[in-house]
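Okay, structure first, notes after.
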């Protein structure tokens, strides 16, 4: 019950915070693409949260813990928050003042990719029981090298990059999309620091890097 109340509290706070960031700059609740984004974001989160609560409460507990210990990772989290803050504000202002126009077909395609990234994310969580929001090596942790982890070393970040780059397109703002392009750069910094820690503290990770060459994009990086 404690885990349930913790999860539902963070869900409600997240819903209210995102709603504020989306609709306050827009100056109107008639921001249809704002409602579309909130639906695409929070309905899957709610469903996934219920599934984790029933089938894998330990993993849910890890996902609710977002307190980083590493200095580099704290900087990554802070910079990511600035990107999201600026992106949402610009999206709302874009809607209010009609700065740019994103065709409906682009918004539909972005919505499909957004949902696809959720499915990819869910598969990553199914494959990796050690998945955590913070950079840490857990007790008895082993290297996962099968499934998606046999293709790229960080499938979770691949999913999140797809997801977050779709956000400004769903919200209908090219200007916000430009801001969100900084997110993959931030993730690259996070990955390099994470791999340094895992190479030092997780047995077999150096061999895993030799086996799986690419971090998030097959044949590219």
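Numbers for the structure displayed
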quantity: Close pairs from the range 20-45: first closer than 20 Å to residue 103 by Cα, partner outside any helix (DSSP H, G or I), Cβ under 7 Å, at least 6 apart; calculated: 22/31; 33/171; 33/172; 34/171; 37/171
quantity: Every pair of residues 6+ apart whose Cβ atoms lie under 9 Å, when the first sits in the range 111-127 and is closer than 12 Å to residue 158 by Cβ while the second is outside any helix (DSSP H, G or I); calculated: 124/131
quantity: Test: residue 5 is part of a helix (DSSP H, G or I), over 19 Å from the mean Cα position of the chain (by Cα) and loosely packed, with under 14 Cβ neighbours inside 10 Å; calculated: yes
quantity: Residue satisfying all of: in the range 161-186; more than 15 Å from residue 111 (Cα to Cα) and in contact with a helix residue (DSSP H, G or I) (Cβ under 7 Å, 6 or more places away or on another chain); surrounded by the most Cβ atoms within 10 Å (Cβ to Cβ) among these; calculated: 176
quantity: Scope the range 192-217; condition without any contact (Cβ under 8 Å) to a residue 40 or more places away in the chain and either crowded, with 18+ Cβ neighbours inside 10 Å or assigned to a loop (DSSP other than H, G, I, E, B) (or both); matching residues; calculated: 213
quantity: Subset tally (residues that are free of Cβ contacts under 8 Å to residues at least 60 places away in the same chain and either assigned to a helix (DSSP H, G or I) or in contact with a strand residue (DSSP E or B) (Cβ under 9 Å, 6 or more places away or on another chain) (or both)) for the range 177-186; calculated: 4
quantity: Residue match in the range 101-108 (condition: buried (at least 17 other Cβ atoms within 10 Å of the Cβ), at negative phi and modelled with pLDDT of 95 or more); calculated: yes
quantity: Residues that are in contact (Cβ under 8 Å) with a residue 60 or more places away in the chain, farther than 28 Å from residue 30 by Cα and surrounded by fewer than 17 Cβ atoms within 10 Å (Cβ to Cβ), drawn from the range 76-100; calculated: 79
quantity: Any hit, the range 54-65, residues being surrounded by 15 or more Cβ atoms within 10 Å (Cβ to Cβ), at pLDDT 85 or above and within 19 Å of the chain's Cα centre (by Cα); calculated: no
quantity: Residue in the range 128-146 that is surrounded by 14 or more Cβ atoms within 10 Å (Cβ to Cβ), more than 21 Å from residue 74 (Cα to Cα), in contact with a helix residue (DSSP H, G or I) (Cβ under 9 Å, 6 or more places away or on another chain) and modelled with pLDDT of 90 or more present; calculated: no
quantity: Single unsatisfied condition, residue 189 versus (1) more than 19 Å from residue 74 (Cβ to Cβ); (2) touching a helix residue (DSSP H, G or I) at 6+ places or on another chain (Cβ under 7 Å); calculated: (1)
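The values are calculated or read from the model by the stated rules, or taken from the named source; none is laboratory data. From a predicted model like this one, the values you see are computed outputs, not experimental measurements. Backbone-built Cβ (ideal geometry, glycine too); neighbour counts: all protein chains shown.
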